[in-house]
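One structure is given here, and the rest of the page talks about it.
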Ligand code: NAP
């Protein structure tokens, strides 16, 4: 079967693209991958998505976006994309558990996944004190003691942000030297609410049965183990864009983020568009992902109409 448009991913970017394309009678097929709804389903309450004055639970927001896309005719199917043949038109997709699919346009919105430590107590306490997003969850830790794990720019940024709410933020890093840029390090070091636990490897997250109570760490020099008491652990050790399946087929940066023409969602292959976190290592917000999802739908629609793909950067200047 040949579709006018296939969207890969059901986070805010993919589902926004689906709403726009469905309303434009493009009958999009949306492939829902291994993490339906994307990263927002890993968070609790979302308070910074416009339009919800009392906040909304992340999973509920994604469920509503899905229903909204389906209401206009988007078809959403579960599947795991194994390969995309970009060498010919229409593009050919191999999706685990489905017959091969052909599509005139492809929107890639497979997102990025926060790297996790993989230690005991981590996975089961997501939403109970373990988080990968200070912007999403920091507000819930007013006057609490927090730990941020990581030594890069993300960890410094998350720690600084969290000091707006927390009474103390302890940065736990596995080496004595930080990876973060000097300016970010200096900012964190100048922040009186930030304390440091360097050269320590996280071993285990401990819970009081309801929520996180401590992080067990090992000193890498002495081998000594201790438990750092904390009300929450923010894991900030980087993200991996989910782009393995198009490696070598689309232009990417050295971390695997898909490169798009500035101000557009155009990849280097005409007819293939990228939106959301899969092409954004900087903002990574639900609302920015949704915004680029809208852009991708409009870029795809205009491409199909045979018009020149709009260079929005020209029209905006
Ligand atoms: P990153 O630079 O890759 O740093 C990841 C940090 O986590 C490193 O310190 C690393 O330790 C540590 N880490 C990784 N795996 C670990 C593990 N299993 N256990 C313990 N620690 C682990 O990632 P990032 O901080 O997310 O930054 C990604 C990119 O975004 C960078 O280019 C950064 O400059 C950029 N960024 C910029 C800004 C900004 O400018 N405002 C903000 C955020 C991010 P090691 O150092 O020992 O490897």
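The values are calculated or read from the model by the stated rules, or taken from the named source; none is laboratory data. Note that the structure is predicted; figures quoted are calculated from it, not measured. All Cβ positions, glycine included, derive from the backbone under ideal geometry; neighbour counts span all protein chains shown.
Which of the numbered conditions does residue 70 fail, given that it passes all the others? Conditions: (1) surrounded by 14 or more Cβ atoms within 10 Å (Cβ to Cβ); (2) closer than 27 Å to residue 25 by Cβ; (3) in contact (Cβ under 8 Å) with a residue 60 or more places away in the chain. Unmet for residue 70, out of (1) surrounded by 14 or more Cβ atoms within 10 Å (Cβ to Cβ); (2) closer than 27 Å to residue 25 by Cβ; (3) in contact (Cβ under 8 Å) with a residue 60 or more places away in the chain: (3). Can you find even one residue in the stretch 225-232 that is part of a loop (DSSP other than H, G, I, E, B) and more than 13 Å from the ligand (Cβ to nearest atom)? Within the stretch 225-232, one or more residues are part of a loop (DSSP other than H, G, I, E, B) and more than 13 Å from the ligand (Cβ to nearest atom).
To keep it simple, each residue is scored yes or no on (1) within 20 Å of residue 31 (Cβ to Cβ); (2) not assigned by TED's automatic domain parsing to the domain that holds residue 39.
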| site | (1), (2) |
| --- | --- |
| 60 | no, no |
| 78 | yes, no |
| 96 | yes, no |
| 103 | yes, no |
| 136 | no, yes |
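Report yes if residue 232 is in contact with a helix residue (DSSP H, G or I) (Cβ under 6 Å, 6 or more places away or on another chain), over 24 Å from residue 19 (Cα atoms) and modelled with pLDDT of 95 or more, otherwise no. Explain how you work it out, then say what you get.
Working: in contact with a helix residue (DSSP H, G or I) (Cβ under 6 Å, 6 or more places away or on another chain): yes; over 24 Å from residue 19 (Cα atoms): yes; modelled with pLDDT of 95 or more: yes.
Taking the combined requirement at face value, the residue satisfies it.
Selection of the stretch 281-290 for residues being within 16 Å of the ligand (Cβ to nearest atom) and either free of Cβ contacts under 8 Å to residues at least 40 places away in the same chain or not in a loop (DSSP other than H, G, I, E, B) (or both) yields 282, 283, 288. Being without any contact (Cβ under 8 Å) to a residue 60 or more places away in the chain and under 29 Å from residue 121 (Cβ atoms) is a description that does not apply to residue 192. Which ones in the stretch 194-224 are within 14 Å of the ligand (Cβ to nearest atom), more than 26 Å from the chain's Cα centre (by Cα) and within 18 Å of residue 159 (Cα to Cα)? Matches in the stretch 194-224: 196, 197, 198, 199, 200. If you filter the stretch 35-55 down to residues that are in contact with a helix residue (DSSP H, G or I) (Cβ under 6 Å, 6 or more places away or on another chain) and modelled with pLDDT under 90, you find that the one that is farthest from residue 139 (Cα to Cα) is 37. Taken together, the residues in the stretch 90-110 that are under 18 Å from residue 272 (Cα atoms), touching a residue at least 60 places away in the same chain (Cβ under 8 Å) and not in a strand (DSSP E or B) amount to 3.
Hey, any hits in the stretch 172-183 for a residue that's more than 15 Å from the ligand (Cβ to nearest atom) and not assigned by TED's automatic domain parsing to the domain that holds residue 57? Looking through the stretch 172-183, none of the residues is more than 15 Å from the ligand (Cβ to nearest atom) and not assigned by TED's automatic domain parsing to the domain that holds residue 57.
Which of the residues belonging to the stretch 56-78 are under 17 Å from residue 138 (Cα atoms) and modelled with pLDDT of 90 or more? Can you show your working first?
Step one: of the stretch 56-78, the residues under 17 Å from residue 138 (Cα atoms) are 56-58.
Of everything in the stretch 56-78, just one residue is under 17 Å from residue 138 (Cα atoms) and modelled with pLDDT of 90 or more, namely 56.
Here residue 163 meets each of (1) free of Cβ contacts under 8 Å to residues at least 60 places away in the same chain; (2) within 14 Å of the ligand (Cβ to nearest atom) with one exception, condition (2).
When the stretch 168-195 is filtered for residues that are crowded, with 16+ Cβ neighbours inside 10 Å and in a strand (DSSP E or B), the ones remaining, listed by number, are 168, 169, 170, 171, 172, 194.
For the stretch 73-89, state whether one or more residues are over 17 Å from the mean Cα position of the chain (by Cα), in a strand (DSSP E or B) and buried (at least 22 other Cβ atoms within 10 Å of the Cβ).
Going through the stretch 73-89, the residues over 17 Å from the mean Cα position of the chain (by Cα) turn out to be 73-89.
Among the residues that remain, those that are also in a strand (DSSP E or B) are: 75-78, 80-85.
Among the residues that remain, those that are also buried (at least 22 other Cβ atoms within 10 Å of the Cβ) are: 81, 84.
Yes, that holds for at least one residue.
Of all residues being in contact (Cβ under 8 Å) with a residue 40 or more places away in the chain and in a strand (DSSP E or B) in the stretch 198-212, which is surrounded by the most Cβ atoms within 10 Å (Cβ to Cβ)? Just the residue, please. That would be 205. A single entry from 254, 261 fulfils the requirement of being within 10 Å of the ligand (Cβ to nearest atom), under 30 Å from residue 8 (Cβ atoms) and not in a strand (DSSP E or B): 254.
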